[in-house]
Amino acid sequence: MPPDATETKRRLMKAAVDEFARYGLAGARVDRIAENAAANKRSIYMHFGTKEELFDKVVGDTFLELAASIPFGDDHLIGYAGNLFDRLEKWPHVRRLYLWAGLEREQSFEPEVAGYRTRVVAIAAAQQAGKLRDDIPPAELMAMVIGVVISWDSAAWSLKALQPEFGFHDLASRRAAVVSAVAGLVQPPRPHS
């Protein structure tokens, strides 16, 4: 009986997610992916193509899964920021893949673009309705919110070294600070009296 290709592909994808999250595209090794998936290297090329194509699939699928797992409701960016923070704490590999993809693949992924487009259109509508500040283009505002959510992950290690002295000591405090920062960022300015 031939091996189950679906199960092999599932194992390869899981091993690829782990490998790329840990080492990025440049540092990842196809041999390690195959070994950790209990598969042969040839099966990677047969099912996914090159290492770059596998990376793109891992990143694209991961981002789509992330987007589908986070509601984008009436409070738009404030609630979204809190939900994104929570999800990234549960799925730290997504955070790392996001950072690696930004560094190593200067290209867009159409399914991801479509996911962002839906959110950016909602932001633009909320801006027109006066619910969100409108002096920042909607795509840039979305990028700023994501930047606030992952700010600690992208902070310099020398800055992180100061956390015990000046920073929050628990996850709930950091989450509250992120939500508060995003609320301050996205709220429309109050009219002067």
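The values are calculated or read from the model by the stated rules, or taken from the named source; none is laboratory data. Remember, it's a predicted structure, so these values are computed and weren't measured experimentally. Glycine also receives a Cβ, built like all others from the backbone with ideal geometry; neighbour counts cover every protein chain displayed. Note: accessible area is taken over every heavy atom of the protein model, side chains too, but ligands, DNA and RNA are not part of it. Shrake-Rupley method; radii C 1.70, N 1.55, O 1.52, S 1.80 Å.
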Once all protein chains are kept in place, residue 144 shows an accessible area at probe 1.4 Å, nearest 10 Å², of 80
At 1.4 Å probe size, with the rest of the protein present, what percent of the exposed accessible area of region 31-70 is carbon and sulfur atoms? 50
Can you list the lysines whose alpha carbon sits under 19 Å from that of residue 14, skipping same-chain ones fewer than 8 residues off? 41, 51, 57, 90
Taking a crude spin-label model, label points 7 Å out from Cα along the C-beta direction, the residue 113 to residue 10 distance in nm is 3.3
Mean Cβ count within 10 Å, highest first, over the residues of peptides 125-136, 149-160: 125-136, 149-160
Starting from the 7 Å offset along Cα-to-Cβ, what nm value, one decimal, do you get for the label separation of residue 160 and residue 65? 2.3
Per residue, how much accessible surface does the chain expose to a 1.4 Å probe? Answer in Å², no decimals. 59
Segment residue 140-residue 104, extension gain: residue separation times 0.36 nm, minus the distance between their alpha carbons: 10.9 nm
When a/c reaches 1.5 or more, the comparison of a/b and b/c decides; with that in mind, is region 92-193 rounded, prolate or oblate per its Cα gyration tensor? oblate
If packing is taken as the mean number of other Cβ atoms within 10 Å per residue, what is the order of 49-59, 101-111, highest first? 49-59, 101-111
Would you kindly state how much longer the chain becomes between residue 153 and residue 129 on full extension, computed as 0.36 nm times their sequence separation minus their alpha carbon distance, in nm to one decimal? 5.3 nm
